[in-house]
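Below: the structure, in structure tokens.
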Amino acid sequence: MFIIIVGGGKVGTYLARALLAQDHEVVVIEKNPKKAQMMANLLETDVTMVGDGCDPVVLDQAGLKRADVIVADTGDDEDNLVVCLIAKKNSKARCIARVNNPKNKLIFESIDLEAPIALISSTEVILDTINQHVNAHDYAIITKLKDGDLDLVKLAIPSGSPADGKRIVDVGMPRSSIVVAVDRKGEDVLIPNGDTLLRAGDSVILMVKNESREDVRAALVGTKSP
């Protein structure tokens, strides 16, 4: 694949090195000539182009029209947004953007609903890691879906849970969650329905929207995390 990276910082350098090791064609656009030269020295190959990635002419000279992927990886959300807008208008490349302020995600998401920009928010990644560590004893995220808005999670029901001995339909789960399976020791994994009884010791696998995480935990465990 041919990949254009806008932003030659540490992340851009490591990403370019990894992609080159996988035999991808890479061009990195960097405003600062010293940074561009430093990157070329570190990578031991000249894949850098000095210029402003927000300039359509610079992106065109880098090969935008034939690019498979555009990575907007500057430290400025506005610059990353402009890069994506230019790429969407002038190419069929898939756009990946770094979002430094999570509040700006909605702006990026609204650009193209049919072929959405893949967003990377380091703030949210760190926050999710902290939350997983805090709740690791009973709440584990298996994977994230739909650009991180939906989680597939596994939650252990402890002794004293308000859900112990109740049917799923009576537990009071939020509508934005679905119980997918119940893993019970000594038995096959259950594909449940509303009448399935939950017991202490069960591990429940659910699809949960991010905003319902704490409500699900409160319904099945009995307390919200501090």
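What follows draws every value from the coordinates through simple rules; no lab data is involved. Please read all numbers here as calculations on a predicted model, not as lab measurements. Please note: Cβ atoms are built from the backbone with ideal geometry, for glycine as well, and neighbour counts cover all protein chains shown.
To the nearest 20 debye, what is the magnitude of the charge dipole of the chain about its Cα centre, counting +1 on the Cβ of each Lys and Arg and -1 on the Cβ of each Asp and Glu?
Value, rounded to 20: 220 debye.
Let me spell out the model: positive unit charges on the Cβ of Lys and Arg, negative unit charges on the Cβ of Asp and Glu, origin at the Cα centre of region 180-226. What dipole size does that give, in debye rounded to 20?
180
Under 8 Å for C-alpha pairs, at least 6 residues apart: give me the relative contact order for region 2-121, rounded to a whole percent.
23
Karplus couplings for region 165-180 from phi (6.51 cos²θ - 1.76 cosθ + 1.60, θ = phi - 60°), rounded to Hz, Gly and Pro as x?
With coefficients 6.51, -1.76 and 1.60, one gets x, 9, 6, 4, 5, 9, 6, x, 6, x, 5, 8, 9, 9, 7, 8 Hz.
Contact order normalised by length for the chain, with contacts defined as Cα pairs under 8 Å and 6 or more residues apart; what percent is it?
Averaging sequence separation for qualifying contacts and normalising by length gives 13 percent for the chain.
Report the charge-dipole magnitude of region 2-121 in Debye, nearest 20, computed about the Cα centre from +1 at each Lys and Arg Cβ and -1 at each Asp and Glu Cβ.
Computed charge dipole of region 2-121: roughly 120 debye.
Can you give the Rg/Rh ratio of region 2-121, where Rg is from the C-alpha atoms and Rh is the Kirkwood radius?
Radius of gyration relative to Kirkwood radius: 0.94.
For a protection proxy built on the mean count of beta-carbon atoms within 10 angstrom, sort 108-121, 24-37 highest first, please.
Top to bottom by mean Cβ count within 10 Å: 24-37, 108-121.
With runs of 4+ DSSP H residues as the only contributors, calculate the mean residue ellipticity of the chain at 222 nm using -39,500 (n - 2.57) per run, divided by the residue total and rounded to the nearest 500.
-9000 deg cm²/dmol
Work out the charge dipole of the chain with +1 on the Cβ of Lys and Arg and -1 on the Cβ of Asp and Glu about the Cα centre, then indicate which of L42, N90, A163 is farthest towards its positive end.
Towards the positive end, the residue furthest out is A163.
Around V26, which amide H atoms from residues at least 5 apart in sequence, or from another chain, sit under 5 Å from its own amide H, with H modelled in the peptide plane?
Long-range HN contacts for V26: I3.
Taking square-rooted eigenvalues a ≥ b ≥ c of the alpha carbon gyration tensor, is the chain rounded, prolate or oblate, where a/c under 1.5 means rounded and, failing that, a/b exceeding b/c means prolate?
In terms of gyration-tensor shape, prolate.
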